Each structure stands twice: as structure tokens, then as C-alpha cells.
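Working notes for the structure below.
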Amino acid sequence: MIDALVSSLSLIFSESHFLYLLFGVAFGIVIGVLPALGGIAGFSILIPFIYGMDKISALAMLIGMTAVIPTADTLSSVLMGIPGGSSSQATVVDGFPLAKKGQAARALSASYIASLVGGIFGALVLTAIVIIAKPLILFFGSAELFMLGILGISMVGVLSGSSLAKGILACGAGILLSTMGTAPATGELRSTLGSHYLYDGIKIAIMGLAAFAIPEICDLLRSNAAIAQKESGIGKGWLRGVIDVWQHRWLVFRSSVIGVIIGILPGLGGSASNWISYGHAVQTAKDKSKFGKGDIRGVIGPEAANNANEGGGLIPTLLFGIPGSGSMAVFLGGLTLLGIQPGPNMVGKDLYLTYVCVWSLAIANIVATGAMFFISKPISKLASIPFGLMAPFMIMIIYFAAFQTTFTNSDLYTLIVLGGFCTLLKYFKWPRPAFIVGFVISDTIERYFYQTLQFNGWGFLHKPGVIILGIIILISIYFGNKKSPDLQIKKNIKQLKMTSIFNFQYIFVALIYFYFLFIVIDSASLTYLGGVWPLAISTCMFAYMSYIIFFQKKVLADLVDTDFKTKKESIDLFRSFLWLVLPIILSALFGFLISMIIIFYAILISKTKASSLKINLITIGCLGVLLGLSYSMGLSLPRGLLQSLIKLPWPFG
């Protein structure tokens with residue numbers, strides 16, 4: 001075993017293998033920095049090039065790429081409030097507020113070191129576990145995986161902020177949105193409203209952009225200020241971030257363990273480990289008041305789990321041929337192209353290949369950390385640029401990223417509808433983390449719930465692993481809600497006489513209420529296995545909300561609390577949101593590229609005092625990046641009505 005470990009290291013540094021590893025790292029950084037692309041897109045681009053490649057070089061390149069994406073996607077999450085990928089959504093919650101305070105360098109530094117530690121930890125676990133992995137993985141059947149998902153949901157209490165009621169209802173709404181589409185057990189269509197687009201449900205990439213990017217862009221467009229509210233400290237605080245990681249080293253360790261465990265369990269993925277580790281960071285903190293406002297622990301925990309998750313995800317992929325995530329599924333296809341057969345051989349005659357992956361994972365994390373420190377300082381200065389100059393580019397990148405989901409205009413329509421809803425969640429003080437946790441984990445819970453009922457019936461509740469996890473869930477709920485301020489609502493019933501904004505909030509609450517009722521009715525028409533999960537959740541949410549509306553007036557007053565101070569703020573928010581709606585309308589009429597040209601000139605002229613030359617240079621440069629990305633990825637930009645009527649030359653056609 002030791003001989004295989006040492007010989008694998010020497011293989012990586014021989015010939016050109018190390019150069020391929022560096023190329024994979026560089027490519028992974030690019031993929032990570034660009035919002036919402038992620039490992040699946042990276043693998044999809046690289047795999048066609050591995051035909052005929054040496055196995056060592058190809059593995060080093062692929063592992064090098066996937067190892068660094070969770071590190072690199074922190075940049076856009078912290079600096080712009082745009083999740084770099086589904087596995088960095090939780091980082092936005094506290095990373096972006098830190099950037100607004102002028103502490104972007106601190107947040108980035110802490111995230112890189114935490115990611116490095118998590119990545120190395122994942123590689124060490126992969127090294128040690130190759131012998132004992134089989135019994136560990138087989139211990140978790142569908143019933144235990146279902147309970148593990150419930151454990152993730154149980155953390156909603158610590159993600160609910162000042163209102164447990166809002167957290168529970170937001171989580172319920174997220175769970176039910178995730179059930180849209182085809183029922184995994186029966187193939188029945190649920191809540192699709194006759195839309196073919198919704199047959200496959202709502203994609204996590206779009207939900208992540210809608211939950212975090214759209215609301216933050218609305219806020220910044222409304223203020224038209226720089227992302228960082230303090231000019232000082234943008235390029236400083238790098239050492240402080242390192243010290244933060246050392247001070248919270250046990251949080252880093254625990255989050256790394258969470259990341260590895262979630263990675264090992266097939267189907268959970270990086271987004272689940274990201275949110276579960278964030279919930280754990282909040283849950284174990286004595287002072288929870290700063291979370292969501294710029295607490296460094298909210299960055300350290302998720303980032304350590306992200307990178308540790310990659311090492312964990314390789315365990316079932318290499319040893320059993322069971323992909324731990326979507327990106328690992330594509331990686332599995334790459335192994336097939338290389339003639340590598342995942343399974344017992346990976347701890348037998350091909351053990352050296354397993355350790356090539358281990359060393360590639362560790363080295364890639366070290367190289368990526370150094371590279372990110374080098375490039376982040378100049379990039380972090382973006383946070384001090386007036387947002388009017390950055391807004392068109394960010395809108396372009398967000399919509400381009402959303403379009404990668406199904407390559408139809410429906411991606412953009414879904415993004416803006418969900419973005420509008422999540423913007424209201426933000427400004428009416430409904431916890432978006434609780435909402436997105438419900439959405440992310442629901443699919444996993446439902447799938448294993450069906451399997452559990454089919455294989456074990458309700459007798460699964462007597463299984464030892466289920467009982468142990470059930471006790472852990474009860475402990476999690478107890479400590480998570482022990483200090484919940486929900487019942488200490490300072491509002492009183494007199495607030496129910498508020499006007500204007502309050503009335504609109506009543507409409508917002510009513511929409512959620514009737515959405516729960518709609519799911520109850522829709523699910524009741526399905527077969528038992530097809531409808532039991534959404535029916536159970538929607539019935540509980542509808543009953544809970546009915547109880548609040550009719551019997552708990554003080555809690556109802558809290559549900560309609562708002563962040564708005566004046567009527568003007570609500571009007572400004574609506575105008576800002578229109579800037580995000582306009583590109584989609586223009587894209588439907590004139591195509592994506594022409595719509596972006598119009599939006600660039602409109603925003604730059606109305607929101608900045610830039611000269612005509614500067615406006616032209618920014619527009620041409622950014623659109624050149626857009627065309628370069630679409631060309632390199634072999635994509636056609638969304639077409640509009642104009643293109644269907646008139647044959648236009650490239651790039652407008």
C-alpha cells in the first residue's frame with residue numbers, strides 16, 4: 001500500500017503528467033470563477049479531449065480541474081453575491097455581506113485556507129478508506145439516507161433568523177417547488193401546469209441564481225453604490241482570514257467530516273454538504289446574531305465541506321462505480337473512455353490509479369490555493385467599482401449561466417419569476433437559506449423515502465441506523481430551536497392596521513398559503529407513491545399556516561414584517577427589478593445578443609457618468625467575452641422573434 005502511494009506520487013511528477021495537472025487546475029479556476037458553470041460543464045468540455053491520452057495524465061487533468069472548482073467559485077459568491085456554483089450557495093449568505101463591509105480579502109483568504117484544509121482532509125480520507133469503504137457505504141441503505149436528509153432539514157431552525165415560523169414555511173415552499181415535474185417513483189407529472197419545461201423540474205443552478213444573485217443585483221441597482229460600502233480594507237485582511245481559520249479550526253475539522261460523509265453517500269452532492277455544514281456552523285455558535293450579516297464562520301464551514309466533499313465523492317465513484325454527484329457521473333464516463341473499470345480493481349491491481357487521484361486531489365488544492373491568493377487581490381478591487389459599471393456585465397453572466405440549464409428561453413423566464421419571488425423573500429425578511437435548503441435536499445429525501453417504503457414499508461422505523469439518526473435529529477432540533485426568538489415577537493396586533501406595503505405583504509402571504517393548498521389538491525389526484533411526499537408536506541404546511549392565520553395573530557404580524565422603511569423604497573425596488581425583466585423581454589423579441597447591447601447602453605448611460613468612449617469599450621469588451629464563451633462551448637445564444645422573421649448574419653443570427 002505504501003509502495004503504491006509513493007510510486008503514484010513519482011508518476012505524477014514524471015514526464016508531462018504534472019503539466020496536465022496544472023492545466024486542469026487552471027481550467028478549473030476559470031470554470032469556477034464563471035458563475036453557475038460547475039464541475040459538470042468542466043468535465044463535459046474536457047472529456048472529449050482525453051481520447052487516446054495517457055491514463056495518468058488524463059486522471060491528473062480531470063481531478064485537478066474538479067478539485068479546484070469549489071475553491072475558485074468563491075470569488076463570485078463573495079465579491080458579487082452570485083453563487084459560483086450550487087456548492088457555493090451558502091457562502092453567499094455571509095461572504096457577500098463581508099465584501100459589502102470592505103472585508104472581501106478576509107472572506108476570500110479564510111475561504112481559501114478552509115478549502116485547502118478540507119481538500120487535503122478529503123484526500124487523506126480517500127487514502128485511508130480504500131480498504132474499509134465497502135462496509136461503510138453498505139451500512140447506509142435507503143432508510144438511513146432518508147433519515148440523513150431529514151437531519152439536513154432539521155437544521156432549518158438555525159437558518160430561520162428571527163422567525164421560526166417564516167423558516168418553516170420557507171423551507172416547506174422550497175421542498176414543494178422541488179417536487180415539481182416527474183414523480184421519481186411513478187413517472188406521474190406533478191404541478192407542471194401543462195408546461196413541458198417543468199417536466200424535469202426546476203434546476204438547482206437556476207434556483208441558486210434566483211435566490212441570491214437576482215435579489216442582490218436589485219438591491220445594488222437600487223442604491224447604485226459599490227458592492228463594498230467601505231473603501232478601506234478591500235485589498236487587506238488576508239492574514240486575518242488565515243487567523244480566522246486557525247481560531248475556528250475545530251469548525252473546519254467538523255465541516256470537513258460533514259463534507260466527506262455527504263460526498264461518500266451517493267446522490268447528496270456538494271450543495272447538500274454546503275448547506276448542512278452552514279447549518280452546523282450556526283447551530284454550534286454561541287452567538288448567532290451575526291450570521292447572515294457577515295460572520296466569517298458562515299464562510300469557513302461551507303468552504304471546508306465543499307472541498308472535502310470532492311474526496312468523499314470519489315470513494316463510491318472509484319470503488320463501486322456509483323457516482324456521488326452529477327459531476328462524478330460525467331467523470332465516470334471519462335473513466336470508461338480511458339479503459340478504467342471502477343470497482344474492486346481500484347483497490348487491487350489498479351490501486352496506483354486510485355492513489356494518482358489522491359495525490360492529484362491534494363496537489364491541486366495546494367496549487368489552487370496559491371493561485372487564488374495571487375489573482376484575488378486585483379480581482380477583489382471589483383467590489384469598489386460603482387455598481388452601475390458592473391451591473392450590465394453581471395446581468396449578462398447570470399442570464400448566460402441560467403441559459404446553460406436547458407438552452408431554451410424558458411430558463412430565463414423561470415429565473416426571473418423565481419428571482420422576483422426570492423427578492424420579496426429577502427425584503428419581507430423570509431429566510432432564503434431555509435428556502436434553498438428545502439429545495440436542495442427535498443429530491444434526495446423523496447427518492448430515498450420511496451425506496452424505503454417499497455423495500456421496508458413503515459417497518460424501516462425499527463432499523464438501528466434509523467433509530468440512531470432519529471436521536472441525532474431530535475438533538476439537532478432541540479439545540480437548534482432552543483434559543484429561537486420566534487415566540488419573543490416584539491410586534492403586536494396593532495401592526496395589523498398597517499397600510500400600503502402591509503397590504504401587499506398580505507397578498508404575498510396569501511399566495512404562499514394558496515400555493516400550499518394547490519399542491520394538496522394536485523397531489524391528492526396522484527397515486528400513493530406518486531403523491532405521498534408532496535401531499536404530506538403541503539398538508540402540514542397548509543395546516544400550520546391556517547393555524548397561524550386564524551389563531552396566532554402575533555405570529556401573523558411577524559409574517560408580514562418588512563424591511564422597507566418608506567413607500568419610495570418599494571417603488572425603487574420595483575424599478576430595479578424592471579431592469580432585470582427588460583433583457584428577457586428584449587431577448588424574446590430581438591435575441592439575446594441584441595438585448596444585451598441595448599441593456600449595456602441603457603444602464604451605463606442612465607446609471608453612470610461614463611464617457612461615450614468608455615461606454616463603447618465596456619460594451620464591446622463584455623460582449624466579446626460573451627461571444628468567446630459561447631463559441632468555445634459550442635453554444636448558440638437564445639434567438640428571438642426577429643431571428644425567426646429575418647435571416648441575420650453572425651453573431652446576430
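The values are calculated or read from the model by the stated rules, or taken from the named source; none is laboratory data. Remember, it's a predicted structure, so these values are computed and weren't measured experimentally. Ideal geometry is used to build each Cβ from the backbone, glycine not excepted, and the neighbour counts take in all protein chains shown.
Observations
- Just one of the listed residues (Gly52, Gly84, Gly141) is at pLDDT below 80 and at positive phi, and it is Gly52.
- Checked against (1) surrounded by fewer than 20 Cβ atoms within 10 Å (Cβ to Cβ); (2) hydroxyl-bearing (Ser, Thr, Tyr); (3) out of contact with any Ser or Thr (no Cβ under 9 Å at 6 or more places or on another chain), Ser410 passes all but condition (3).
- If you go through segment 97-116 and keep only what is crowded, with 24+ Cβ neighbours inside 10 Å and either outside any helix (DSSP H, G or I) or not polar (S, T, N, Q) (or both), you end up with Leu98, Ala99, Gln103, Ala104, Ala105, Arg106, Ala107, Leu108, Ala110, Tyr112, Ala114.
- Here the condition is being within 28 Å of the chain's Cα centre (by Cα) and outside the structural domain of Ile395 (by TED's automatic domain parsing); of Phe652, Phe590, Phe577, it holds for Phe577 alone.
- A search for C-beta distances below 8 Å between a residue of segment 214-226 that is under 17 Å from Pro583 (Cβ atoms) and any residue that is among the aromatic types (Phe, Trp, Tyr) and modelled with pLDDT under 75, counting only pairs 6+ apart in sequence or on different chains, returns Leu220/Phe387; Leu221/Phe387.
- Meets criteria (at pLDDT 80 or above and not hydrophobic (A, V, I, L, M, F, W, C)) for Lys426: yes
- The set of residues in segment 179-200 being in a loop (DSSP other than H, G, I, E, B) and within 26 Å of Phe455 (Cα to Cα) consists of Thr179, Met180, Ala183, Pro184, Ala185, Thr186, Gly187, Glu188.
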